[in-house]
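*Asks:* Got a structure for you, questions after.
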Amino acid sequence: DGSRVRIRAQLLNAADGSVLWSRSFDREFKDVLVAQAEIALGIAGSLTKTMDDSASFGGRGTTSPEAWQAFLEAKSLPADQRVAAYERVLKLDPNFARVYVALAEQMLGSAFSGKLTKQVASERMTHYLGEALRIDPHYDHAYGLLGAAARIADDMPALRRHAQRALDIDPDSSAGHGWTAELKLHEGDMGG
């Protein structure tokens, strides 16, 4: 209607068609991106409520639509621009644990590409992941990446500890299983 737009969003259970979340947004057309972020946060919040505590996002997310939008934009940038973009996201929400994990992932990539020494990458990863775990001590993926930081520093006992901690938090943790497999490969254990 002129310069205004109404958006109606629903999240439905595919199994039975029940409405899990529903909301209408009336905005000026220029505020459509804000409405988009609110819709995404609403759906994520609804999904989080339906998961048990071991699988929930906990403190990993953000309540700031601006920080969420900036995070999504940062993820879509070329790798050499992401670190600066993630640091800008943290200025919007310094308690956005997923951003610290994303920064650690960038450090891991920099170690593999040779842009950082393994030692520097491991130290930076450990710092970022420490911040993520300060915010959410049950963030299994952060523990898995601590295992990666230990691996590139050739600290196999730490790799074992961190991968196991990820699996203790979530027995289905992809990071926990991935780094446990890396450890077994390093030890020559090709069995199950």
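The values are calculated or read from the model by the stated rules, or taken from the named source; none is laboratory data. Keep in mind it's a predicted model, so treat the numbers as computed, not measured. No Cβ is skipped: glycine too gets one built from the backbone with ideal geometry, and neighbour counts run over all protein chains shown. All accessible areas refer to the heavy atoms of the entire protein, side chains included, with ligands and DNA or RNA removed. Shrake-Rupley method; radii C 1.70, N 1.55, O 1.52, S 1.80 Å.
*Asks:* Given the condition outside any helix (DSSP H, G or I) and within 21 Å of Ala97 (Cα to Cα), answer yes or no: does some residue in segment 144-152 qualify? Give the steps one after another, and end with the answer.
*Replies:* Restricting attention to segment 144-152, the residues satisfying the condition of being outside any helix (DSSP H, G or I) are none.
For segment 144-152, residues outside any helix (DSSP H, G or I) and within 21 Å of Ala97 (Cα to Cα): absent.
*Asks:* Name the pairs whose Cβ atoms lie under 7 Å apart, with the first residue in segment 148-162 and closer than 13 Å to Leu108 by Cβ and without any contact (Cβ under 8 Å) to a residue 40 or more places away in the chain, the second open to solvent by less than 90 Å² (accessible area, probe 1.4 Å) and among the acidic types (Asp, Glu), and 6 or more positions between them or separate chains?
*Replies:* Arg151/Glu182
*Asks:* Here's a check for you: in segment 98-155, which residue that is open to solvent by 20 Å² or more (accessible area, probe 1.4 Å) and among the polar types (S, T, N, Q) is nearest to the chain's Cα centre (by Cα)?
*Replies:* Gln106
*Asks:* Could you grab me the full set of residues in segment 48-88 that are of a type outside the set (Ser, Thr, Tyr), assigned to a loop (DSSP other than H, G, I, E, B) and at pLDDT 50 or above? Walk me through how you get there before you give the answer.
*Replies:* Filtering segment 48-88 down to residues of a type outside the set (Ser, Thr, Tyr) leaves 49, 51-53, 55, 57-61, 65-75, 77-85, 87-88.
Subset that is assigned to a loop (DSSP other than H, G, I, E, B): 51-52, 57, 61, 77-78.
Hits for segment 48-88 are Gly61, Leu77, Pro78.
*Asks:* Further question: Taking segment 161-177, which residues are at pLDDT below 85 and within 7 Å of Gly144 (Cβ to Cβ)?
*Replies:* Scanning segment 161-177 gives Ser173, Ala175, Gly176.
*Asks:* For the structure I just gave you, tell me whether Lys91 is part of a helix (DSSP H, G or I) and either modelled with pLDDT of 90 or more or closer than 21 Å to Ser64 by Cβ (or both). Working first, answer last.
*Replies:* Values: part of a helix (DSSP H, G or I): yes; either modelled with pLDDT of 90 or more or closer than 21 Å to Ser64 by Cβ (or both): yes.
Yes: the conditions hold for Lys91.
*Asks:* Considering every residue within segment 129-142, establish whether at least one is assigned to a loop (DSSP other than H, G, I, E, B), of a type in the set (Gly, Ala, Ser) and closer than 29 Å to Glu87 by Cα. Spell out the reasoning first.
*Replies:* As a first pass, look at segment 129-142 and keep what is assigned to a loop (DSSP other than H, G, I, E, B): 136-139.
Filter again for of a type in the set (Gly, Ala, Ser), leaving none.
Taking every residue of segment 129-142 in turn, none turns out to be assigned to a loop (DSSP other than H, G, I, E, B), of a type in the set (Gly, Ala, Ser) and closer than 29 Å to Glu87 by Cα.
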